[in-house]
Amino acid sequence: MEASTVEAVAESPSAIWRRVEGALDELGGGVVEAEVQKCFRASSGHVYIDLTDGEALVKCVIWKSNADRIAELPHEGQLIQARYSKIRVYAKNGSVSLDVNAIRAAGEGELLARVQETLARLVADGLTDPERKLPIPRFPRRVGLVTGRNSDAEADVVRALRDRFPPTRIAVSYSLVQGVNAVPELIDALARLDIEPDVDVIILARGGGSVEDLLPFSDERLCRAIAALSTPVVTSIGHTKQRPNCDHVASAAAEVPARAAERVVPSASELFERIDRRVTEMAGIAWGLLAAAEAQIDRSAMRPAGQAALIARVGRIDLAGQALSHAVAVTVTAPRERIVASSTTLARILQAVPRPPSLDVPRERLQRATGDLRHQIQLGSTALTGAINLVRARDWRERGFALVRLPTGELVRDLQSLTTGQDVTIQLKGGLIDATIEQVHPDETETDA
């Protein structure tokens with residue numbers, strides 16, 4: 001290797017460290033605020049603390065003379081302020097530490113003041129305006145959930161969603177929910193769900209805690225990330241009087257995780273009640289129209305003339321009754337306007353019918369049509385109830401089934417589509433399994449229909 005010319009005077013590592021130590025001495029002391037990553041008291045009586053802000057770590061030493069005045073050491077994850085007298089270097093291992101002479105927990109009042117300062121900036125930028133918040137869909141295809149792994153908040157939200165609307169599909173993205181590393185993890189978890197094509201709304205949930213524990217949910221970075229998502233977010237940070245800043249930028253907020261379901265999915269029981277009321281209303285309208293038609297015919301019987309013509313056209317009344325029965329059966333799942341349209345058609349037919357002195361025969365046929373109408377409504381209601389019950393169990397994953405697909409994505413429907421050595425993907429509840437076909441065993445018990 002060719003030697004290069006060295007113009008400056010070479011220094012030893014010790015000399016370099018002495019220069020560093022001299023420069024640090026000129027900086028003097030100060031106060032550092034950070035989260036405790038590690039804290040312990042050595043047998044010598046000295047206390048060693050590692051502090052971090054999530055991006056950098058600094059080591060601190062409290063010498064025994066000062067450590068003896070500390071009644072209780074800070075715990076891991078606690079936010080503290082440490083006053084240090086100098087920055088000390090250790091040339092032998094190339095490390096730097098702070099000589100700390102006093103520590104204290106960051107006060108709740110200080111933390112709340114910072115939360116309010118952050119909120120003021122969010123308000124000034126328009127991120128809390130209701131007009132800019134994304135609407136929550138009435139029937140989301142899939143609900144995303146960001147929460148702590150195996151947390152009470154996760155169990156509460158999932159249980160509430162299943163109880164309120166059983167067919168709800170849920171996608172969970174886990175994250176830390178407190179500490180200096182919580183904010184970047186929460187942002188990543190939200191981003192993962194935001195790119196899922198069928199996730200229509202995201203719930204951000206955790207249980208209660210102290211002001212310090214919940215500080216990540218007021219972090220400006222998290223709030224701006226929520227505002228930038230293309231998917232509406234419902235926050236549910238529970239059991240705290242001081243609402244975190246993320247509540248103000250989200251599309252909606254729930255007081256506790258168990259109430260989040262009320263913001264994102266409809267109530268199945270309320271839907272059933274509305275359907276029952278609609279069926280009852282439609283039936284009442286139908287009976288009212290038939291009663292009015294019968295009364296009109298009865299009134300026409302008081303006028304002499306036209307009986308022969310009425311009998312000749314009685315088939316038209318039968319057809320009108322059948323049309324009305326069909327309209328009611330269809331409108332069990334369609335708008336009420338169809339019944340109104342059918343009644344208008346019946347009214348026009350009745351206006352063209354002459355008024356006879358006697359209507360015993362038409363009245364008997366009209367009563368038969370009324371009975372058919374009642375039977376059609378009962379059949380329609382039964383069919384509707386069965387359809388809704390089927391929706392409750394529509395998710396094949398919940399029933400223990402699995403789907404087998406070829407590498408092209410095509411669904412495997414029979415053994416003829418498979419060959420030995422072929423790769424397939426098995427889709428079931430919880431994820432996907434990649435597999436290779438080793439052998440195909442036809443079911444010899446099956447017989448052609």
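Among strands (runs of 3 or more DSSP E) lying entirely in the range 397-442, which contain 2 or more residues that are surrounded by 10 or more Cβ atoms within 10 Å (Cβ to Cβ), in contact with a strand residue (DSSP E or B) (Cβ under 9 Å, 6 or more places away or on another chain) and of a type outside the set (A, V, I, L, M)?
Qualifying strands (runs of 3 or more DSSP E): 423-428.
Comparison of Ile103, Ile136, Ile87 shows that the only residue that is more than 29 Å from Ala34 (Cα to Cα) and β-branched (Val, Ile, Thr) is Ile136. Scanning the range 62-79 for residues that are buried (at least 17 other Cβ atoms within 10 Å of the Cβ), over 11 Å from His46 (Cα atoms) and modelled with pLDDT of 85 or more returns a single hit, Pro74. When Val180 is tested against (1) β-branched (Val, Ile, Thr); (2) surrounded by 15 or more Cβ atoms within 10 Å (Cβ to Cβ); (3) under 14 Å from the mean Cα position of the chain (by Cα), exactly one condition is not met: (3).
Every residue, every condition in (1) small (Gly, Ala, Ser); (2) under 17 Å from Glu185 (Cα atoms); (3) in the same structural domain as Val177 (by TED's automatic domain parsing), yes or no:
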{"position": "Val199", "(1), (2), (3)": "no, no, yes"}
{"position": "Ile203", "(1), (2), (3)": "no, yes, yes"}
{"position": "Ser210", "(1), (2), (3)": "yes, no, yes"}
{"position": "Ile226", "(1), (2), (3)": "no, yes, yes"}
{"position": "Asn245", "(1), (2), (3)": "no, no, yes"}
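Selection of the range 234-270 for residues being among the hydrophobic types (A, V, I, L, M, F, W, C) and in contact (Cβ under 8 Å) with a residue 60 or more places away in the chain yields Val234, Val249, Ala250, Ala252, Val256, Ala258, Ala260, Ala261, Val264, Val265, Ala268.
Considering only residues in the range 191-211 that are out of contact with any Pro (no Cβ under 9 Å at 6 or more places or on another chain) and among the hydrophobic types (A, V, I, L, M, F, W, C), the one that is surrounded by the most Cβ atoms within 10 Å (Cβ to Cβ) turns out to be Leu204. Does the range 269-284 contain any residue that is of a type in the set (Gly, Ala, Ser) and not in a helix (DSSP H, G or I)? No, the range 269-284 has no match at all.
Of the residues in the range 147-160, at least one is under 20 Å from Ala227 (Cα atoms) and either in contact with a Phe, Trp or Tyr (Cβ under 8 Å, 6 or more places away or on another chain) or surrounded by fewer than 15 Cβ atoms within 10 Å (Cβ to Cβ) (or both).
Yes/no matrix, rows are residues, columns are (1) surrounded by 15 or more Cβ atoms within 10 Å (Cβ to Cβ); (2) of a type in the set (Gly, Ala, Ser); (3) part of a loop (DSSP other than H, G, I, E, B):
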residue	(1), (2), (3)
Asp25	no, no, no
Ser44	no, yes, yes
Ile49	yes, no, no
Cys60	yes, no, no
Gln81	yes, no, no
Val100	yes, no, no
Arg104	no, no, no
Leu112	no, no, no
Gln116	no, no, no
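The values are calculated or read from the model by the stated rules, or taken from the named source; none is laboratory data. What you see is a predicted model, and the numbers here were worked out from it, not measured in a lab. FYI the Cβ positions are ideal-geometry reconstructions off the backbone, even for glycines, and counts take in every protein chain you see.
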